[in-house]
1. Can you find a residue that is touching a His at 6+ places or on another chain (Cβ under 7 Å) and buried (at least 22 other Cβ atoms within 10 Å of the Cβ) anywhere in the range 170-191?
2. Quick check on the range 77-108: of everything there that is acidic (Asp, Glu) and not in a loop (DSSP other than H, G, I, E, B), which residue is farthest from Ile25 (Cα to Cα)?
3. Just the residues that are over 19 Å from Glu254 (Cβ atoms) and open to solvent by less than 10 Å² (accessible area, probe 1.4 Å), please, taken from the range 157-169.
4. Is there any pair with a first residue in the range 109-130 that is closer than 21 Å to Glu259 by Cα and assigned to a strand (DSSP E or B) and a second that is of a type in the set (A, V, I, L, M, F, W, C) and open to solvent by 10 Å² or more (accessible area, probe 1.4 Å) whose Cβ atoms are under 6 Å apart and which are 6 or more apart or on different chains, and what are they?
5. Run down Val295, Val267 and say which single residue is closer than 30 Å to Leu244 by Cα, β-branched (Val, Ile, Thr) and assigned to a helix (DSSP H, G or I).
6. Assigned to a loop (DSSP other than H, G, I, E, B) and surrounded by fewer than 22 Cβ atoms within 10 Å (Cβ to Cβ): does that describe Thr136?
7. Which residue is modelled with the lowest pLDDT, if the candidates are limited to the range 318-343 and must be in a strand (DSSP E or B) and β-branched (Val, Ile, Thr)?
8. Just one of the numbered conditions (1) out of contact with any helix residue (DSSP H, G or I) (no Cβ under 9 Å at 6 or more places or on another chain); (2) surrounded by 22 or more Cβ atoms within 10 Å (Cβ to Cβ) is not true of His114; which one?
Amino acid sequence: SSELTVIVPGYRDVKATLDCFDSLIKARIPDPSGKSPFRILAVDDASPEPELRRYLSDLAAAGTIDLLVNAANLGFVGAINRALENVPEDDVVLLNADTIVPPRFVERLAAVAHSAPNIGTVTPLSNNGDIFSFPTPNDLNPMPGRKRILEIDKVADTANAGHVIDVPSGIGFCLYVTRECLAAVGGLSENFERGYLEDGDLCLRARTEGFRNVCAPSVYVGHHGSKSFQHEKRSLVLRNLEILDQRFPDYRRECRAFEIADPLQPVRIRLDRALTWTPEPSVLILGHQWSFAAVAEERARHLGEQGERAILLMRERNMVRVSAADGTSPQAVQLKFDSEAAI
């Protein structure tokens, strides 16, 4: 099997970045012969944070990571492309520095990537990953603590073992890319400003070369999400979307169709059911989805402010949707009453 390199550009947000590298180093469990399963290639993208620069150079001096230091800030795309030039042969994982990764995540993503010859990219589930978000898709679910991230991942590894779901494109918070795919598409496009949608562009170019983009719902990665330039995010995304639209005119329509069909719903439900939930909700709120949802959510918010934990049971026709008002699990569980056995 090919070698593996995890590429992590670092710039600001010292605490999140240190936590990320700590989890990454812990995730690297040597095989019985003592060989490391992947190497870590960090990019100090001319960071203005002395503590971060020192931390990365200390890790590199100890031989724990490999380090590239950019004399000037190249931004996410430039930093990744510079790193890719230094990884001529391996499969790679592009990883954001504001993630927390679980043990053996690289090997497990690799197993999915190599489960079929035409898979080009693999993206795991995350609390904050658009269509890959769990428990609620296309939402910023709360970032769990590290212990909970590892627990969710461990349960996902069992509950969703063997499941591989095709998706329109992957997302760069944690994107596994095979060497064959990289060889076909080259690096990230320089046409996109500052770290938005160039990951989607790479995945769409991969598709035009005959590769599939898939989700590995058996792997879960924690992700804080765009701390770097929150205020500019909307205008950047809109500008970059226009470029993507010109290149791939059907992409947005396809994404909408994917969100409506929601092929990841079964794996989210399976994971939600298998997880341990926070014990004993203090309040159960029963209601009917159409007439009562807003009232129930407002009541739950008030209870939350008083330190109570509310679970909403909302009825829709022959189904009851179970969701924790604070955004934690459960969110995706549905109880169906269309058969006698279910009642």
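1. The answer is yes, given that some residue of the range 170-191 is touching a His at 6+ places or on another chain (Cβ under 7 Å) and buried (at least 22 other Cβ atoms within 10 Å of the Cβ).
2. Taking the candidates together, the pick is Glu85.
3. Passing the criteria: only Asn160.
4. Val122/Val112; Thr123/Ile171
5. The conditions single out Val267.
6. Taking the combined requirement at face value, the residue satisfies it.
7. Our first condition is that a residue be in a strand (DSSP E or B); within the range 318-343, this holds for 319-324, 333-336.
From what is left, the residues that are β-branched (Val, Ile, Thr) are 320, 322, 333.
Numbers: Val320: 87, Val322: 87, Val333: 81.
Per the criteria, the residue is Val333.
8. Of (1) out of contact with any helix residue (DSSP H, G or I) (no Cβ under 9 Å at 6 or more places or on another chain); (2) surrounded by 22 or more Cβ atoms within 10 Å (Cβ to Cβ), only one is false for His114: (2).
The values are calculated or read from the model by the stated rules, or taken from the named source; none is laboratory data. Fair warning: this is a prediction, and the values are worked out from it, not measured in the lab. Ideal geometry is used to build each Cβ from the backbone, glycine not excepted, and the neighbour counts take in all protein chains shown. Ligands, DNA and RNA are excluded from the accessible area calculation, which covers all protein heavy atoms including side chains. Shrake-Rupley method; radii C 1.70, N 1.55, O 1.52, S 1.80 Å.
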